[in-house]
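Structure first, then comments.
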Amino acid sequence: MSDETSDGALEPELNEMVARREVPDALILSSAQDFRIAAQLLYDRLQEHKSVLPLLMVASFAIELYLKALNARYDYTPLDGADAYLVAAKAEKRGHPLIPLFEALDLEFRNGLMQAYFCAPCVAGCKSIVDALKIFNKTFEDCRYIFEGQKELPSIPLGDLVKLAALVGNYVESLPKRVF
């Protein structure tokens, strides 16, 4: 089976598959849930092990993945010598900063997250989810690359970060699966 017609266009059935988008994306959602659980476990035992850096990374990465689950498309890679494809999820917006990921979401999902946060604000001093995401915008990068020149951890309200991961996760997990 060839992926392309003689004029270079994709086969009609592949065109249909490429256009498919499941929201929230199940592959990314599953990973987001795992990181959220890990963040909660680390937070619950923080006094015992003092693993702040891993907590910051996994909690902020959970939020990142939840946002990406709302903005991903299927990617199809033909397998050599087979009439089959490797299917993977690819976020439309790449990178770790949370604000650009939030801004890349469809208006429906941005509004849903704003409403969820309005009903249950969870970050001290933040009246909107945008304000909350700004506080943690680059937490993953700041923590992941701390050994590359940054002298100390940024001052991050750990409990608020874990609560924000839960709020975003609860919203995304509550959405019915839809295919576009």
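Within the stretch 33-65, count every residue that is among the hydroxyl-bearing types (Ser, Thr, Tyr) and assigned to a helix (DSSP H, G or I). It would help to see each step written out before you state the result.
Within the stretch 33-65, the first condition is being among the hydroxyl-bearing types (Ser, Thr, Tyr), and the residues that meet it are 43, 51, 60.
Right, trim to assigned to a helix (DSSP H, G or I) and you get 43, 60.
Count: 2.
Are there any pairs, at least 6 apart or on different chains, whose C-beta atoms fall under 6 Å, with the first in the stretch 61-80 and more than 13 Å from Glu92 (Cα to Cα) and the second at pLDDT 95 or above and charged (D, E, K, R), and if so, which?
Pairs found: Ala62/Arg36.
For the stretch 148-180, enumerate the residues that are among the hydrophobic types (A, V, I, L, M, F, W, C) and buried (at least 16 other Cβ atoms within 10 Å of the Cβ).
As a first pass, look at the stretch 148-180 and keep what is among the hydrophobic types (A, V, I, L, M, F, W, C): 153, 156, 158, 161-162, 164-168, 172, 175, 179-180.
Once the filter is applied, which keeps residues that are among the hydrophobic types (A, V, I, L, M, F, W, C) and buried (at least 16 other Cβ atoms within 10 Å of the Cβ), the stretch 148-180 yields Ile156, Leu161, Val162, Leu164, Ala165, Ala166, Leu167, Val168, Val172.
Please find, within the stretch 90-113, the residue that is surrounded by the most Cβ atoms within 10 Å (Cβ to Cβ) out of those that are within 19 Å of Pro176 (Cβ to Cβ) and in contact with a helix residue (DSSP H, G or I) (Cβ under 7 Å, 6 or more places away or on another chain). Steps first, please.
So in the stretch 90-113, the residues within 19 Å of Pro176 (Cβ to Cβ) come out as 105-113.
Filter again for in contact with a helix residue (DSSP H, G or I) (Cβ under 7 Å, 6 or more places away or on another chain), leaving 105, 110, 112-113.
Working: Leu105: 19, Arg110: 17, Gly112: 18, Leu113: 24.
The selected residue is Leu113.
What single numbered condition from (1) assigned to a helix (DSSP H, G or I); (2) in contact (Cβ under 8 Å) with a residue 12 or more places away in the chain fails to hold for Ser30?
Only one criterion is unmet by Ser30, namely (2).
Take Gly169 and decide whether it is modelled with pLDDT of 95 or more, within 22 Å of Ile37 (Cβ to Cβ), assigned to a helix (DSSP H, G or I) and of a type outside the set (A, V, I, L, M, F, W, C). Reasoning before the result, please.
Working: modelled with pLDDT of 95 or more: yes; within 22 Å of Ile37 (Cβ to Cβ): yes; assigned to a helix (DSSP H, G or I): yes; of a type outside the set (A, V, I, L, M, F, W, C): yes.
Yes.
Need the failing condition index for Tyr145 against (1) surrounded by fewer than 16 Cβ atoms within 10 Å (Cβ to Cβ); (2) at pLDDT 95 or above, just the number.
Only one criterion in (1) surrounded by fewer than 16 Cβ atoms within 10 Å (Cβ to Cβ); (2) at pLDDT 95 or above is unmet by Tyr145, namely (2).
Suppose we keep only residues that are surrounded by fewer than 24 Cβ atoms within 10 Å (Cβ to Cβ) and not polar (S, T, N, Q) within the stretch 47-62. Which one would you say is nearest to the chain's Cα centre (by Cα)? Before you say what the answer is, go through the steps one by one.
The initial filter retains those residues of the stretch 47-62 that are surrounded by fewer than 24 Cβ atoms within 10 Å (Cβ to Cβ), namely 47-54, 57, 61.
Pick out the ones that are also not polar (S, T, N, Q) and you get 48-50, 52-54, 57, 61.
Working: Glu48: 28, His49: 27, Lys50: 25, Val52: 21, Leu53: 19, Pro54: 17, Met57: 13, Phe61: 7 Å.
That would be Phe61.
What number of residues within the stretch 81-121 are under 16 Å from Leu175 (Cα atoms), acidic (Asp, Glu) and either assigned to a helix (DSSP H, G or I) or in contact with a Lys or Arg (Cβ under 8 Å, 6 or more places away or on another chain) (or both)?
Number of matching residues: 1.
The values are calculated or read from the model by the stated rules, or taken from the named source; none is laboratory data. Quick caveat, the model's predicted, so the values are computed rather than measured. All Cβ positions, even for glycine, are placed from backbone atoms using ideal geometry, and neighbour counts span all protein chains on display.
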